Amino acid sequence: QQCLERQARYCGLNAFVTRADATRIQDAARRIADSESDLTSSTLAGKTIAVKDNIVTKDYPTTASSKILNAYNSPYNATVVDKLVSAGALICGKTNLDEFGMGSHTRPIFTSATKSPHKRNGQALSAGGSSGGSAVAVATSQAWAALGTDTGGSVRLPAAYTGTVGFKPSYGRLSRWGVIAYANSLDTVGTLTQTVDDARQIFKKLDEFDHMDPTSLSRTVRERIAGQTTDWSSDRRLRVGIPLEYNTASLSPEVRQTWSRLLMSLQDAGHSLHPVSLPSTHQALSAYYVLAPAEASSNLAKYDGVRYGHRTSGPDANPKDSLPLFAATRGEGFGPEVQRRILLGAYTLSSEAMDNYFVQAQRVRRLVQMDFDNVFALHNPLLDAQAERSSDTANVDVLIAPTAPTLPPTLAEVEKMSPVEMYMNDVLTVPASLAGLPALSVPVKLQSGAKEPEDVDFVGMQVIGQFGDDSLVLEVGELIE
Ligand code: GLN
């Protein structure tokens, strides 16, 4: 009831593409309350969870905020949705995103932009993106928690901008079956919650092998991970790495101060700080914006107006010449940012550009992974033998750095940004994505506090761990939240 009321009250923030269906959600709640199974004791029983609109659901349409999937109804649920439902959760609507997850401020072109509940000097702020709808739904208690997807930061950035907790698990732990692909080698289902413990509860329910997802981590790898994760006890002294390359010139003073204050407080509590270098960070963003569009151009080729979704009203399907139908459908159905990425991806995959762009970007991706493997104490469970390490390894447990270079910009400022300026905002989230590492964004209080109740009085801080060390990342997140 509270969820329905709050969704009506906050509808002006456009967190949802499709809001909760009252009858459906009440029926489901009643079924759970009446059930005699163990369901009522499940930690998620009766909890309202919103789902980003690029994750398919039987009960609600799935649009990825694109005209090309206008009114598309999936005949099946994504595995993550099925798992939530069987744990007794109530799916309470589909949340807004940048079209197909491509963007950082949840400003889809065909529907309304999501607004943050926070303001600066009375001006509306960006909710971050692309899972901005999920973040705002949680920040305003329109849902207890929400699923998002994170390809290059789309769960962590909106968490940082709205004061929520955003968790991107290691790549391959949560099933991608039923998640509309943007860049499948990077796409990861993540959560937006009010606390780290809520994120842990959901993660525990979803963290299983799924034979429907070819990139789901196998049982063998999962066993290897379980056998070697970093032990945690509350009196443990952590070795915290400070990635020096993340201290970019673009960090705003509030962000830099909050970061150093957090590190000092960890040191005061007995943990040790270790400056570390991840030299390939500088190339990571460029590599991401070659690889992600390349995969997108291939993944989005299936939207042709024949199989599903939007179809132009002009030319008809003609087996001899399908180009007019495809071109018109895709020209109408995709917004400008998606078209830009398809063009960019098709170019970097073309025979004359492949070696200079795509292949180089794959090399950079490997270097980024090696940088991380070099600083973590834990061995990467995806690599067979202990990889060769340079002699000055820092052996840290986790890395701590800001999630975004600045506090959220106003929507008016976002309006004036060029695409490249927009891409720059992902500089601190993209490296962990390229390496598939678990990363969590937690809000940390600003020292100056808030003057007005709607002011932003938090900075998103990111905890990054070795591949598979998700539980340690969550523990450390709880320590600093
Ligand atoms: N902003 C990044 C992009 O546009 C990340 C998006 C995401 O993680 N889905 O690609």
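Side notes on the structure shown:
- Links that overshoot a 18 Å alpha carbon limit, given the list 416/445; 119/451; 83/302; 67/94; 205/445; 83/205: 416/445; 83/302; 205/445
- The share of alpha-carbon pairs in region 92-185 lying farther apart than 15 Å comes to 56%.
- For region 327-381, the Cα gyration tensor yields ellipsoid semi-axes of 35, 16, 7 Å (square root of five times each eigenvalue, largest first, whole Å).
- Where labels lie 7 Å past Cα in the beta-carbon direction, separation of residue 250 and residue 119 in nm: 2.9 nm
- Note on residue 21 and residue 70: the extension gain reaches 15.8 nm, defined as 0.36 nm multiplied by sequence separation minus the Cα-Cα distance.
- Inverse of mean 1/r across different Cα pairs in region 171-219, Kirkwood, Å: 11.5 Å
- Mean Cβ count within 10 Å, highest first, over the residues of peptides 319-327, 256-264, 189-197, 93-101: 93-101, 189-197, 256-264, 319-327
- Charge dipole (region 330-481, unit charges on Cβ, about Cα centre) - positive-most of 465, 369, 449: 369
- Global form of region 178-294, assessed from the alpha-carbon gyration tensor, a/c cut-off 1.5: oblate
- A P(r) calculated from all alpha carbon pairs of region 271-387, with 5 Å bins opening at zero, reads 2, 10, 14, 14, 13, 12, 10, 8, 6, 5, 3, 2, 1, 0 percent.
- Taking only the C-alpha atoms of region 362-481, the Rg (one decimal) and the largest Cα-Cα distance, Dmax (whole number), read 17.1, 55 Å.
- Scattering profile of region 129-171 at q = 0.22 Å⁻¹ [log10 I(q)/I(0), Debye over alpha-carbon scatterers]: -0.58
- Estimated dipole of region 303-430 in Debye, rounded to 20 [Cβ of Lys and Arg +1, of Asp and Glu -1, Cα centre]: 400 debye
- Cβ-placed point charges (K, R +1; D, E -1), dipole of the chain about Cα centre in debye, nearest 20: 720 debye
- More than 34 angstrom apart: percent of Cα pairs within the chain: 31 percent
- Alpha carbon centroid spacing (whole Å) that separates region 20-86 from region 249-323: 27 Å
- Theoretical ellipticity at 222 nm over the chain - DSSP helices of four or more residues, -39500 (n - 2.57) apiece, nearest 500: -10500 deg cm²/dmol
- Percent RCO, i.e. relative contact order, over region 349-481, from Cα pairs under 8 Å lying at least 6 residues apart: 27 percent
- Calculated on the alpha-carbon coordinates, the convex hull of region 1-95 measures out at 95 cubic angstrom per residue.
- Of the peptides 427-440, 291-304, 208-221, 403-416, the ranking by mean beta-carbon count within 10 Å, highest at the top, reads 427-440, 291-304, 403-416, 208-221.
- For region 173-285, with +1 on Lys and Arg beta carbons and -1 on Asp and Glu, the positive-most of 270, 211, 178 along the dipole: 270
- Per-q log10 I(q)/I(0), region 54-110, q = 0.21, 0.24, 0.29 Å⁻¹ (Debye; single scatterer per alpha-carbon; no solvent): -0.80, -0.95, -1.15
- For region 38-151, the share of alpha carbon pairs falling in successive 5 Å distance bins from zero is 2, 14, 21, 22, 19, 12, 6, 3, 1, 0 percent.
Any read-out appearing in this document is the output of simple, stated calculations on the displayed coordinates, not a laboratory observation. Computed from a predicted structure; not experimentally measured. Positions of Cβ are generated from backbone atoms using ideal geometry, with glycine treated the same way; all protein chains shown enter the neighbour counts.
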